[in-house]
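Structure first, commentary second.
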Amino acid sequence: MIFHRLGSMNKNQSGFTLIEIIIAVAVAGLIISAITGTIFQVFTTNTRDTAHMVAVKQVENAVHWISRDAQMAQVIEPGEDSGFPLNLSRIGKNNWYQVTYTLGGGELQRLYSVNGEDPIVTLVARFIDPEMTYCEFEEDVLIYKITTAVGDGSQSESRVCQVTPRPQ
């Protein structure tokens, strides 16, 4: 008798109609897709912002080192094509200082030597775009542009600088 009651529905009781179920599934789908889109946007924005900050930091580091060395240089000799390798030298008290900046494989390296000894090599910046990076020395002013491109290249940063070396 108890089992008989559980299996039968009273005529006054009703279940969900097919239209109500379809509407509930559609509303749930909209809510889930909105949540998924928001989460995706947060992760995409975070990745893009991080890549941009890396690009900015790399440019700032390159500008700092080149400007510092160029201001102290007595002789500035840019390379043939893009201005790299860039050779900067000066004579101090009983010492001869040589700094060379090389650009290759997307990396800007600084080679620092005293009195012609083996240079100390430092990685100054990564993700350098060699097509958009150059330096030239005209009328006693070093003009250079450093451009970085991080990730797929969509996040880039450039700086153009002018440095006047100290008088000889």
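Numbers at a glance
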| quantity | calculated |
| --- | --- |
| Under Karplus coefficients 6.51, -1.76 and 1.60, residue-wise ³J(HN,Hα) of region 149-158 in Hz, glycine/proline x | 9, 9, x, 7, x, 6, 9, 10, 8, 9 |
| Cα-centre dipole for region 10-126 with unit charges at Cβ (Lys and Arg positive, Asp and Glu negative), debye to 20 | 460 debye |
| Crossing angle, helix 18-72 versus the chain [Cα axis fit, 0-90 degrees, rounded to tens] | 10 degrees |
| Of the trypsin sites (Lys or Arg not before Pro) in region 8-105, those whose Cβ has at most 11 other Cβ within 10 Å and which sit in DSSP loop | 11, 93 |
| Estimated vicinal HN-Hα couplings, Hz - region 87-98 in sequence order (Karplus 6.51, -1.76, 1.60; Gly, Pro = x) | 9, 10, 9, 7, 10, x, 5, 6, 9, 10, 9, 10 |
| Signed unit charges on C-beta, dipole axis of the chain, positive-most listed residue 137, 31, 122 | 31 |
| Separation between Cα centres of region 53-86 and region 132-168, rounded to whole Å | 7 Å |
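Read-outs throughout are calculated quantities, based only on the coordinates presented, and are distinct from any laboratory measurement. Bear in mind that the values here come from a model prediction, so they are computed numbers and not experimental data. Every residue, glycine among them, receives a Cβ derived from its backbone with ideal geometry; neighbour counts consider all protein chains shown.
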